[in-house]
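For reference, the structure discussed in these notes is given below.
Quick note: the coordinates plus some simple rules give every number you see, no bench work behind them. None of these values were measured; they are calculated from a predicted model. Reconstructed Cβ throughout: ideal geometry from the backbone, glycine too, with neighbour counts over all protein chains shown.
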Amino acid sequence: MTSVRSEVIDHEDTSRLYVAVGRLSRSLRRIGAGSAELGHGSVSALTTLVKFGAMRLGDLAVKEGVAPPTLSRIISSLVDAGYVRREPDPDDGRAFLVTPTEAGERIVSGLFSTRLQELQRRIDRLSADQWTALAAALPALEALVTEDDNG
């Protein structure tokens, strides 16, 4: 894949993209979070477990990009809330797996649905030309995320 040469990149546009994506992400993360009474870290860890299934705490910490002690506290609060359960790892008796409960799956599904509805509401306010431009940018945005996930 060829890369965009630095002389073509407008750093002001790069900055605008960074700010816009960050603000949109933060804004959508706030939607519905209060009803679940979970912080961003808890929602993120729970969402990862729902998406990828049971995993060891260390593996989840790597996926979430947080220190194991931090994730251990998050998981403890999720266990206390009934959203996650700990189970012995069948491959290693010294370790355990964390798994979302049905209640945890419902929380993630509800938050996703609420946030998706809010994003759709915002998209509906765009002009046809703005929507066309945004839709055309989706493959590039997905490539940015895929690059991060693989790197």
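For n ≥ 4 DSSP H runs only, could you compute -39500 (n - 2.57) per run for the chain, divide by its residues and tell me the 222 nm figure to the nearest 500? It lands at -23000 deg cm²/dmol.
Can you sort Val98, Val21, Val50 by how many other beta carbons sit within 10 Å, fewest first?
Details: Val98 25, Val21 12, Val50 19.
Listing Val98, Val21, Val50 from fewest to most nearby Cβ atoms yields Val21, Val50, Val98.
What is the local net charge at Gly93, summed over the other residues whose Cβ is closer than 15 Å to its Cβ (Lys, Arg +1; Asp, Glu -1)?
Values: positive: Arg56, Arg86, Arg94; negative: Glu87, Asp89, Asp91, Asp92.
Taking every other residue near Gly93 into account, the sum is -1.
Based on Cβ point charges of +1 for Lys and Arg and -1 for Asp and Glu, what charge dipole magnitude is obtained for the chain about its Cα centre, in debye rounded to the nearest 20?
Numbers: 18 positive and 21 negative charges, 112 e Å.
For the chain, the charge dipole is close to 540 debye.
Diffusion of the chain by Stokes-Einstein, at 4 °C in a medium of 1.567 mPa s and with Rh set to the Kirkwood radius over alpha-carbon pairs, works out to 73 µm²/s.
Taking K and R as +1 and D and E as -1, what net charge do the other residues with C-beta under 14 Å from the C-beta of Leu116 add up to?
Working: positive: Arg29, Arg115, Arg121, Arg122; negative: Glu118, Asp124.
Value of the local net charge: +2.
Placing unit charges on the Cβ atoms of the charged side chains and taking the dipole of segment 12-150 about its Cα centre, the candidate lying farthest along the positive direction among Ala128, Ser72, Thr114 is Thr114.
Gain in length, Asp59 to Ala140, computed as 0.36 nm per residue apart minus the alpha-carbon separation, to one decimal in nm? Mind showing how you got there, number by number?
Numbers: separation 81, 0.36 × 81 = 29.16 nm, distance 2.84 nm.
Residue separation times 0.36 nm, minus the Cα-Cα distance, leaves 26.3 nm.
The order of the peptides 106-116, 87-97 by mean Cβ neighbours within 10 Å, most packed first, is 106-116, 87-97. Positive contributions from Lys and Arg (+1) and negative ones from Asp and Glu (-1), summed over other residues with Cβ under 14 Å from the Cβ of Arg16, come out at -2.
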